[in-house]
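These notes are about the structure you will find just below.
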Amino acid sequence: MEKQFIIETSARHVHVTQETLEKLFGAGFQLSVRKALSQPGQFASNEKVDVVGPKGTLKCSILGPVRKENQVELSFTDARTLGVSAPVRESGDVKGSAPVKLVGPAGEVELSEGAIVAKRHVHMTPQDAKDFGVENGEIVKVEVLNETGRKLVFDDTVIRVSSNYALAMHIDTDEANAGALGGCPQVLGRILK
């Protein structure tokens, strides 16, 4: 059997530091878990903020736990709605990225950088990487195996390897829409060699 993995759609969301969280929601505030995500220890919180750009505002969920840097992950469609020029980057690479404002119930925070379009990627453990014959940082092509009427291969997909990961590919909503993947109960992919 060929090696496969699930492909998950990651909608727009925000990662915040504890300091930013407290500015937005109040001193000592803690995120509350709405649902666990596929990556171990990660969760969608009940908390949402407004992300404000020069042309518009979008409501975004905060993903937890809190991080060392603030980051807003958008699709290109979201970036156009906000009126920002968000670069395609790997998560965590926010230096020189688009500025936005976060607005919560207790205050607001101007981010001088932090808005990106996340580069599509496959999370893998070291054992997964060995099984698939790939390495951390390698760029691959991923074929979508679901029959939706729109055959699709995602090129320029980065492999991200860590013992803290679970095997799954992440794409944004624009990418999912391009492949008509929204109605699929589970989307599968495989690496093309």
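The values are calculated or read from the model by the stated rules, or taken from the named source; none is laboratory data. Just so we're clear, the structure is a prediction, and the values are computed from it rather than from any experiment. No Cβ is skipped: glycine too gets one built from the backbone with ideal geometry, and neighbour counts run over all protein chains shown. The protein model used for the area step is the full one, side chains on, heavy atoms only, and it has no ligands, DNA or RNA in it. Shrake-Rupley method; radii C 1.70, N 1.55, O 1.52, S 1.80 Å.
Summary of the geometry: region 11-27 and region 124-193, compared by the centres of their Cα atoms, lie 29 Å apart. Along the charge dipole of the chain, which of Asn177, Val16, Val100 sits closest to the positive end, that is, farthest toward it, with unit charges on the beta carbon of Lys, Arg, Asp and Glu (+1, +1, -1, -1)? Most positive-ward Cα: Asn177.
Nonpolar atom fraction for the chain, defined as the carbon and sulfur part of the 1.4 Å probe accessible area, stands at 49 percent.
Quick check on the chain: of the DSSP beta bridges with both residues there, what percent are antiparallel, nearest 5%? Antiparallel bridges: around 70 percent, rounded to the nearest 5. Note on the chain: with charges restricted to the Cβ of Lys and Arg (+1) and Asp and Glu (-1), its dipole about the Cα centre is near 200 debye. Among 34-40, 127-133, the peptide with the highest mean count of other Cβ atoms within 10 Å heads the list, and the full ranking is 127-133, 34-40.
Once the piece of chain linking Lys35 and Val158 is laid out straight, how much longer is it, given 0.36 nm per residue of separation minus the C-alpha distance between them? Taking 0.36 nm per residue and subtracting the Cα distance, the gain is 41.7 nm. In the chain, the DSSP-assigned H stretches of four residues or longer account for a calculated mean residue ellipticity at 222 nm of -3500 deg cm²/dmol, using -39500 (n - 2.57) per stretch and the full residue count as denominator.
In order along region 138-153, phi translates into HN-Hα couplings of 5, 9, 10, 9, 10, 8, 7, 8, 6, 8, 10, x, 10, 4, 8, 10 Hz, rounded to whole numbers, per the Karplus curve 6.51 cos²θ - 1.76 cosθ + 1.60 with θ = phi - 60° and x for Gly and Pro. Normalised by the number of residues in region 139-193, the average gap of Cα pairs under 8 Å and 6 or more apart makes the relative contact order 54 percent. For Lys151, give me every one of the lysines with a C-alpha distance below 24 angstrom, ignoring sequence neighbours fewer than eight places off in its own chain. Excluding near neighbours in sequence, the set is Lys3, Lys119, Lys141, Lys193.
For the chain, what does the accessible surface come to per residue with a 1.4 Å probe? Please give it in Å².
On a per-residue basis, 50 Å².
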